[in-house]
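Enquirer: Handing you this structure, nothing more for now.
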Amino acid sequence: AKAPMRVAVTGAAGQIGYSLLFRIANGDVLGKDQPVILQLLEIPDEKAQKALQGVMMELEDCAFPLLVGMTAHSDPMTAFKDIDIAFLVGARPRGPGMERKDLLAANAQIFTAQGKALNAVAKRTVKVLVVGNPANTNAYIAMKSAPDLPAKNFTAMLRLDHNRALSQLAAKMGKPVGDIEKLVVWGNHSPTMYPDHRFATVGGESVKALINDPVWNKEVHIPTVGKRGAAIIEARGLSSAASAANAAIDHMHDWVLGTNGKWVTMGVPSNGEYGIPKDVIYGFPVTCENGEYKIVEGLEIDEFSRERMDHTLNELLEEQAGVKHLLS
Ligand code: NAX
């Protein structure tokens with residue numbers, strides 16, 4: 001039997017956690033032959049810790065054969081000890097009257113502390129996925145707070161945006177969603193993201209040629225994907241949770257187990273690809289193999305795309321500038 005892998009999840013008593021944990025324990029991320037130990041982090045608040053105990057009771061009651069251990073934590077220094085995988089889901093939500101800069105500052109504090117803890121106690125090969133918003137900037141902060149870990153270990157979630165765009169395209173074309181390849185969502189996980197299907201194929205045919213509707217792309221498709229999170233809140237009265245957990249699972253599964261040459265979107269630190277400044281955590285097309293992702297390079301960027309890619313980049317640069325003084 002394989003040695004268990006240690007998986008940390010923060011915000012484990014939250015609504016994404018409630019959809020995520022059971023699927024990790026079921027083998028949906030690391031494989032049906034990979035035992036896991038869950039190391040769950042919540043804020044020290046009594047109510048949150050009690051809720052976490054309740055979730056752990058339910059995990060026990062599932063009797064998952066692959067779940068060989070599980071611990072509750074209120075300190076990232078113990079939660080992240082020897083971990084292989086981190087899902088950083090917990091973050092400070094925007095409260096009433098909270099300004100964007102207050103939100104950035106509150107999260108900078110959380111992700112500085114968590115980055116330092118990862119730096120101190122996680123496995124050197126730890127794979128980190130930041131889901132908590134602002135996800136790209138939080139991943140950037142954690143990465144900068146963990147100078148002894150490779151920068152490439154830090155990623156942010158754009159997979160939900162990627163999956164949302166896939167479904168919109170499939171519906172528009174009347175084609176099976178699973179047949180679409182080579183889609184990318186560039187940039188920030190925010191309404192400024194740029195879903196780009198110029199290279200996409202469906203059953204080998206060009207998606208762009210099949211749809212052939214630049215007005216739909218610009219005025220319907222791109223804004224629909226960008227505003228999908230708000231549309232879910234409007235309909236459900238709660239933000240996306242099961243679909244967000246599903247995307248987190250897709251992201252980590254593909255990173256660990258590979259994509260067989262298929263493209264997926266991950267928010268990863270730039271090395272200067274496509275003119276994106278080094279270290280900005282940006283949505284890029286990647287392929288994954290042997291536990292490593294590789295940015296797909298050499299794609300042609302037309303004028304419309306350049307403008308969209310710069311727009312979402314500028315938002316990320318503003319967020320970075322807003323937290324610069326908080327990074328120590
Ligand atoms: P919830 O408010 O249901 O749960 C968050 C949990 O995190 C809470 O239980 C809270 O106590 C905990 N928490 C807060 N600070 C913590 C800390 N420092 N350490 C450990 N735990 C902490 O939110 P949920 O709906 O689960 O969403 C979680 C995050 O995901 C939010 O920031 C949300 O904005 C973000 N999302 C990101 C998405 C993406 O595509 N990147 C999509 C979905 C989601 O909106």
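Enquirer: Within region 233-261, count every residue that is on the phi < 0 side of the Ramachandran plot and under 18 Å from the mean Cα position of the chain (by Cα).
Expert: Number of matching residues: 20.
Enquirer: Can you work out which of the residues in region 217-267 that are assigned to a loop (DSSP other than H, G, I, E, B) and small (Gly, Ala, Ser) is farthest from the ligand (Cβ to nearest atom)?
Expert: Gly261
Enquirer: Being within 9 Å of the ligand (Cβ to nearest atom) and buried (at least 17 other Cβ atoms within 10 Å of the Cβ) is the filter here; which residues of region 65-80 pass it?
Expert: Answer for region 65-80, where residues must be within 9 Å of the ligand (Cβ to nearest atom) and buried (at least 17 other Cβ atoms within 10 Å of the Cβ): His73, Pro76, Ala79.
This table checks each residue for (1) touching an Asp or Glu at 6+ places or on another chain (Cβ under 9 Å); (2) crowded, with 17+ Cβ neighbours inside 10 Å.
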residue	(1), (2)
Ser206	no, no
Asn212	no, no
Ser239	no, no
Ala248	no, yes
Lys262	yes, no
Gly267	no, yes
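Enquirer: Evaluate the following for Asp302: is it open to solvent by 10 Å² or more (accessible area, probe 1.4 Å), touching a residue at least 12 places away in the same chain (Cβ under 8 Å), of a type in the set (D, E, K, R) and on the phi > 0 side of the Ramachandran plot?
Expert: So Asp302 does not fit the description; no.
Enquirer: Something else now. Which pairs have Cβ atoms under 9 Å, sit 6 or more apart or on different chains, and link a residue in region 41-55 that is within 17 Å of Val89 (Cβ to Cβ) and in a helix (DSSP H, G or I) to one that is charged (D, E, K, R) and open to solvent by less than 50 Å² (accessible area, probe 1.4 Å)?
Expert: Every condition considered, the pairs that remain are Ala48/Glu42; Gln49/Glu42; Ala51/Glu42; Leu52/Glu42.
Enquirer: Given the structure, is Gly178 open to solvent by 40 Å² or more (accessible area, probe 1.4 Å), touching a residue at least 12 places away in the same chain (Cβ under 8 Å), out of contact with any Gly (no Cβ under 7 Å at 6 or more places or on another chain) and farther than 25 Å from Leu316 by Cβ?
Expert: When the stated conditions are applied, Gly178 does not pass them.
Enquirer: Right, another one. Within region 20-37, is there a residue that is open to solvent by 10 Å² or more (accessible area, probe 1.4 Å), outside any strand (DSSP E or B) and within 8 Å of the ligand (Cβ to nearest atom)?
Expert: No, every residue in region 20-37 fails to be open to solvent by 10 Å² or more (accessible area, probe 1.4 Å), outside any strand (DSSP E or B) and within 8 Å of the ligand (Cβ to nearest atom).
Enquirer: Mind listing just one residue for me: the one in region 46-64 that is among the aliphatic types (A, V, I, L, M) and exposed (fewer than 15 other Cβ atoms within 10 Å of the Cβ) and, of those, nearest to the ligand (Cβ to nearest atom)?
Expert: Residue satisfying both the conditions and the ranking: Met57.
The values are calculated or read from the model by the stated rules, or taken from the named source; none is laboratory data. On a predicted model such as this, the values are computed, not experimentally measured, just so you know. Methodologically, a virtual Cβ is constructed for each residue, glycine included, from the backbone with ideal geometry; neighbour enumeration extends over all protein chains shown. Protein only, heavy atoms only, side chains kept; ligands, DNA and RNA dropped before computing areas. Shrake-Rupley method; radii C 1.70, N 1.55, O 1.52, S 1.80 Å.
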